[in-house]
Amino acid sequence: MQSKVTHAVLKEGREYSERILKGLTSGVSHFHAVQYMKNELRGNGFNELREKEKWNLTPGQSYYFTRNGSTVVAFTLGNKVGTGIDMFKIVGCHTDSPVIKLAPHTKIENKSGFQQLQQQLYGGGTWRTWFDRDLGLAGKIITQSNKDQSLNHHLWDSKDAVMNIPNLCIHFTRTDEFKPNREKELKPILASSMIDQLMGQGISHFSEEHPDLYKVETKHFKTFLDRIA
């Protein structure tokens, strides 16, 4: 007997799809994905644990812990745990995905009048699909406090497009199979060098009182740092 698709089933499917899309949209980096999952777990009664502390677990309760902000482990204890029942189920997945990551030293000097960034390819991506698309930027940012020089980390998302990897015009790419050079042809363009003249080489965040100990401005364009700051 063929089941009927009712309005109630469609509504349930739509709500479920919206939840999935919300999670995918929030996971702009594996750090953001873990943060989203932490919020979801807390909202569903999971208690946070810390690896360095002794755990006092209660049967029937749910727990989770994270490592480096990029890994999350969650589990639920059965009500009869510790009474001779030792069965358990494990489900695993990854928080990361194939992506173009910025290299630790992104600044490429004097690249034909463009501010072009050095990158590292992560995973086996379908890289031809990254051309001619507005690309955003997201990840973990490390900042140093001016008060006590302590280092702090923050999650950051550009929200808007900041880079682009342009394709060649059609008469230079007349081929049935486009295979970009992974080392040379996948370096995103941030801006033209005209931005240096318009913005005055960016705003320096360093001084004699707070010197650039990590040589940040020798590794990245100032205008790029200003956008994040």
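The values are calculated or read from the model by the stated rules, or taken from the named source; none is laboratory data. Everything quoted here is computed from the prediction, not taken from an experiment. So basically every Cβ, Gly included, is an ideal-geometry build from the backbone, and we count neighbours across all protein chains shown.
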Item to check | Selection count where residues are surrounded by 10 or more Cβ atoms within 10 Å (Cβ to Cβ), among the acidic types (D, E) and over 17 Å from the mean Cα position of the chain (by Cα), scope segment 140-162 | outcome: 0
Checklist entry - Name the residues in segment 53-77 that are surrounded by fewer than 11 Cβ atoms within 10 Å (Cβ to Cβ) and under 26 Å from the mean Cα position of the chain (by Cα), would you? => result R67, N68
Item to check | Single condition R174 does not satisfy, out of (1) at pLDDT below 90; (2) in a loop (DSSP other than H, G, I, E, B); (3) under 30 Å from H210 (Cα atoms); (4) not hydrophobic (A, V, I, L, M, F, W, C) | outcome: (3)
Next on the checklist: Within segment 14-24, does at least one residue satisfy the condition of being under 23 Å from the mean Cα position of the chain (by Cα) and assigned to a loop (DSSP other than H, G, I, E, B)?
Outcome noted: no
Checklist entry - Of the residues H32, H105, H94, which is in contact with a helix residue (DSSP H, G or I) (Cβ under 9 Å, 6 or more places away or on another chain) and in a strand (DSSP E or B)? => result H105
Checklist outcome for this item: Here the residues within segment 135-171 that are modelled with pLDDT of 90 or more, in contact with a Leu (Cβ under 7 Å, 6 or more places away or on another chain) and β-branched (V, I, T) are V162, I165
Checklist entry - Mind checking whether some residue in segment 81-89 is charged (D, E, K, R) and either in the same structural domain as M194 (by TED's automatic domain parsing) or touching a helix residue (DSSP H, G or I) at 6+ places or on another chain (Cβ under 6 Å) (or both)? => result no
Checklist outcome for this item: Scanning segment 25-38 residue by residue, those surrounded by 11 or more Cβ atoms within 10 Å (Cβ to Cβ) and closer than 21 Å to S158 by Cα turn out to be S26, G27, V28, S29, H30, F31, H32, A33, V34, Q35, Y36, M37
Item to check | Number of the condition not met by G69 [criteria: (1) assigned to a strand (DSSP E or B); (2) touching a helix residue (DSSP H, G or I) at 6+ places or on another chain (Cβ under 8 Å)] | outcome: (1)
